[in-house]
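Worksheet: the structure to be examined is printed underneath.
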Amino acid sequence: MKTTINPLTRRPAWKALTAHYKAVKALHLRDLFAADPKRGERFTAEEAGLFLDYSKNRITGETVKLLLQLAKESGLRERINAMFRGDRINITENRAVLHVALRAPKDACITVDGKNVVPEVHAVLEKMAGFCRRVRGGKWKGHTGKPIRNVVNIGIGGSDLGPVMAYEALRHYSDRALTFRFVSNVDGIDFVEATRDLDPAETLFIVSSKTFTTLETMTNAESARKWLLQGLGGDARAVARHFVAVSTSTERVAAFGIDTANMFGFWDWVGGRYSMDSAIGLSTLLAIGPERFRALLGGFHRMDEHFRTAPFERNLPVLMALLAIWYNDFFGAQTVAVLPYEQYLKRFPAYLQQLTMESNGKRVTLDGAVVNYDTSPIYWGEPGTNGQHSFYQLIHQGTRLIPCDFIAFGRALTPLGRHHDILMANVFAQAEALAFGKTAAEVKAEGVPDWLVPHQVFEGNRPSNTILAPQLTPETLGALIALYEHSVFTQGAIWNIGPFDQWGVQLGKVLAQRIVPELESRTPPPLKHDSSTNNLIRRYRAMR
Ligand code: F6P
């Protein structure tokens, strides 16, 4: 497919930004703030309960103007419309991309090939809600008649990271009578540790896999079946009471032996890393209940509507994306740190790693041409304040520019003494220290000896966004996730790459499948790899 967009570096706004960068790169945030006393109020935007302060970025009004122009020249508006319209924008897999339909209200109409998909989405949600009521109400019984007390989600990538993140994020709202575990790694330890203290008679496995072919998930699901049958005396009928599946493939679910009446479906127009609000979120729904799950979807939808309709100059995902591009492509920053000051969001950076890097870690445009600019930065992070006592040293005084996203909340879910004020003081202090630093004169004025001064100087001018919301609720979480989803989409649109395929994970999968029999073979297999791989395989075989 040929796109009609000018190559990125030939767009007028890109050229203007290249010249503009040279003029503003030396400007210091100290001076920018001193010159404009209202800057901290001016460079802000708010939607769906999220307040974004982007004033501590190395930008002027002109920068924003040019970046918005770039979005326009990149055809962003048309791309957004194409996604919401259900066009097959995932061109390499010839698929529509409609995670926004997963959170559309019942009366919405979103069509794929002329068919409104919203009724199907709501039918699955109803089925999930009904199942949840039976499990939580004790009506769904295990094989021996005991109610379910443990839920184990088996999945990997998008079939794990979203569910784990959401469970941790919304734990405060979860049914504490149920225990939730998540098994993803093919390293058997993951399964062993997750199940060692569980009673099979009270345990429900959710096998979550869009394709139902993923090696890790299928291997873990087989081990789960063995574990269950061993624990329950070997009666194969137990599987039906202890396994449910979430997948797009009815045939493969049936072939595995799970009753398809206990399957929750979704569709090929939902990408794995965009699926936590589909049936892949079954564990989330079991944990927080159907009403709160709907509130989560409501938060997603509010941000979707904002992204679809708001002018770019106050469109949160667009602004966040443009700032990411500003640092990535003009300042040459290689990473973005995401730093939630909220312990419940401890898995949010891990979740974002897949969302951002599996989406935009691409080196060719939609037309197949190799790009001559950088695409996705590396996203990483840890919750504050822990990170402060670990890697913040590098962010403050290292040689690399690391734009940061701070995420914080006005109220703690379970207030404890002074903790929340101290936590919040830290997040504000970090953004302030990064932006304004401490000059040599200020250090000297404190009586620091000359030789020590350079070590204590903070050059500042290190950019950050702060996202502030009143409280971590299901709705806020939905809005926050959708904010990043659409920021990723916007970045991909400007780079003219396809954020919805992931060919880069294929080669390793194929090679691993080839190597497995070489490791398991009783007799030394003929090895035809490179000398390093051959040697490692031989050594491994000798060790096992
Ligand atoms: O690692 C590649 C990938 O296809 C991800 O995109 C996906 O989220 C994950 O594997 C799991 O896939 P599935 O849900 O089909 O098991």
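Please report, in whole Å³, the volume per residue of the convex hull around the C-alpha atoms of segment 17-126.
Convex hull of Cα atoms, per residue: 152 Å³.
Would you mind putting 35-48, 190-203 in packing order, based on average other-beta-carbon counts within 10 Å, highest first? Walk me through the intermediate numbers first.
Numbers: 35-48: 14.6, 190-203: 17.1.
Per-residue mean Cβ counts within 10 Å order the peptides as 190-203, 35-48.
In the neighborhood of LEU452, defined by Cβ-to-Cβ distances under 12 Å, what is the net charge if each Lys or Arg adds +1 and each Asp or Glu adds -1?
Details: positive: LYS444; negative: GLU446, ASP450.
It works out to a net charge of -1.
Taking R0 as 22 Å, what's the FRET efficiency between GLU432 and ARG411 from their Cβ-Cβ distance, rounded to 0.05?
0.55
So what's Rg/Rh here for segment 188-302, counting alpha carbon atoms and using the Kirkwood radius for Rh?
0.99
With +1 on the Cβ of every Lys and Arg and -1 on the Cβ of every Asp and Glu, and nothing else charged, how large is the dipole of segment 269-350 about its Cα centre, in debye rounded to the nearest 20?
Its charge dipole is roughly 200 debye.
With θ taken as phi - 60° and the coefficients 6.51, -1.76 and 1.60, list the Karplus ³J(HN,Hα) couplings across segment 68-82 in order, rounded to whole Hz; mark glycine and proline as x.
3J(HN,Hα) across segment 68-82, in whole Hz: 5, 5, 4, 4, 5, 5, 8, x, 4, 4, 5, 5, 4, 4, 4.
Taking θ as phi - 60°, what are the ³J(HN,Hα) couplings along segment 530-542 by the Karplus curve (6.51, -1.76, 1.60), each to the nearest whole Hz, with x for Gly and Pro?
5, 5, 5, 4, 4, 5, 5, 5, 4, 4, 4, 4, 5
Is any residue of segment 477-516 close enough, with backbone N under 15 Å, to a label point placed 7 angstrom from the Cα of THR213 along the Cα-Cβ axis, and if so, which?
Output list for this probe position: 502-514.
Stretched out fully, how many nm does the piece from LYS139 to HIS529 gain, at 0.36 nm a residue minus the Cα gap? Walk me through the numbers before you get to the answer.
Numbers: separation 390, 0.36 × 390 = 140.40 nm, distance 5.47 nm.
Gain on stretching LYS139 to HIS529: 134.9 nm.
With contacts defined as alpha carbon pairs under 8 Å and 6 or more residues apart, what's the relative contact order of segment 430-470 in percent?
54 percent
What's the angle, to the nearest 10 degrees (0 to 90), between helix 12-24's Cα axis and the longest principal axis of the chain?
Computed tilt is about 60 degrees.
Can you return the lysines within cross-link range of LYS127? Criterion is Cα-Cα under 26 Å, with same-chain partners fewer than 8 residues away left out.
LYS106, LYS115, LYS139, LYS141, LYS146, LYS210
Regarding the chain, what are the three Cα extents along the principal axes, ordered largest first, in Å?
76, 60, 57
Is the C-alpha gyration tensor of segment 97-173 telling us rounded, prolate or oblate? Criteria: a/c under 1.5 is rounded; beyond that, a/b larger than b/c is prolate, otherwise oblate.
prolate
In whole Å, what three semi-axes, largest first, describe the equivalent ellipsoid of segment 323-394 built from its Cα gyration tensor (square root of 5 times each eigenvalue)?
28, 14, 8
By how many degrees, 0 to 90 and rounded to 10, does the Cα axis of helix 419-436 deviate from the longest principal axis of the chain?
That works out to roughly 50 degrees.
So for the pair VAL371, GLU313, with labels modelled 7 Å out along Cα→Cβ, what separation do we get in nm?
Label at VAL371, label at GLU313, 2.8 nm between them.
Take segment 260-401, drop everything but the C-alpha atoms, weight them equally and run the Debye formula without solvent; then report log10 I(q)/I(0) at 0.09, 0.16, 0.22 Å⁻¹ to two decimals.
Debye curve over Cα of segment 260-401, log10 I(q)/I(0) at q = 0.09, 0.16, 0.22 Å⁻¹: -0.39, -1.16, -1.49.
Give the angle, between 0 and 90 degrees and rounded to the nearest 10, that separates the Cα long axis of helix 506-520 from the longest principal axis of the Cα atoms of the chain.
The answer is roughly 50 degrees.
Give the aspartates and glutamates reachable from LYS38 as a straight Cα distance under 19 Å; neighbours fewer than 8 places away on the same chain don't count.
GLU46, ASP53, GLU62, GLU313, GLU432
Semi-axes of the equivalent ellipsoid of segment 365-516: what are they in whole Å, largest first, if each equals the square root of 5 times a C-alpha gyration tensor eigenvalue? Before the final figure, lay out each step's value.
Working: eigenvalues 270, 121, 54 Å².
Those come to 37, 25, 16 Å.
Taking Cα pairs under 8 Å and at least six residues apart, what relative contact order does segment 43-103 come out at, in percent?
15 percent
Within the set of other residues whose C-beta is less than 11 Å from the C-beta of THR92, count the net charge using Lys and Arg as +1 and Asp and Glu as -1. Working shown, then result.
Details: positive: ARG88, ARG95, LYS362; negative: GLU93, ASP501.
That sum, taken over residues with Cβ under 11 Å, equals +1.
For the pairs LYS25/LYS56; LYS346/LYS438; LYS56/LYS346; LYS362/LYS509; LYS25/LYS444, note any where the Cα-Cα span goes beyond 20 Å. Mind dumping the intermediate values first?
Numbers: LYS25/LYS56 14 Å; LYS346/LYS438 30 Å; LYS56/LYS346 24 Å; LYS362/LYS509 18 Å; LYS25/LYS444 27 Å.
LYS346/LYS438; LYS56/LYS346; LYS25/LYS444, as the Cα separations exceed 20 Å there.
Residues with beta-carbon under 12 Å from that of ARG196, excluding ARG196: net charge, scoring Lys, Arg +1 and Asp, Glu -1?
-3
Within segment 329-391, report the trypsin sites (Lys or Arg not before Pro) that DSSP leaves as loop and that have at most 13 other Cβ atoms within 10 Å. It would help to have the intermediate numbers written out before the result.
Working: sites: LYS346, ARG347, LYS362, ARG363; in loops: LYS346, ARG347, LYS362, ARG363.
Those satisfying the criteria are ARG363.
Return the FRET efficiency for the residue pair HIS172, ARG544: r is the Cβ-Cβ distance, R0 is 41 Å, and the value is rounded to the nearest 0.05. Intermediate values should be presented prior to the final figure.
On the way: r = 45 Å, r/R0 = 1.09.
Efficiency, rounded to the nearest 0.05: 0.40.
As I understand it, the dipole of the chain uses +1 on the Cβ of Lys and Arg and -1 on the Cβ of Asp and Glu, about the Cα centre. Which of CYS404, ILE89, PHE330 lies farthest toward its positive end?
ILE89
Could you sort the peptides 51-63, 159-171, 444-456 by per-residue average Cβ neighbour count (10 Å cutoff), highest mean leading?
So the order, starting with the most tightly packed, is 159-171, 51-63, 444-456.
Highest first, please rank the peptides 125-133, 104-112, 219-227 by the mean number of other Cβ atoms sitting within 10 Å of their residues.
Result, highest mean Cβ count within 10 Å first: 219-227, 125-133, 104-112.
Full extension from THR439 to ASP36: what is 0.36 nm times the residue separation minus their Cα-Cα distance, to one decimal in nm?
Between THR439 and ASP36, full extension yields an extra 143.0 nm.
Only the coordinates and a few stated rules stand behind these numbers; no lab work does. Quantities reported herein were computed from a predicted structural model and do not represent experimental measurements. As a convention, Cβ positions derive from the backbone with ideal geometry for all residues, glycine included, and neighbour counts pool all protein chains shown.
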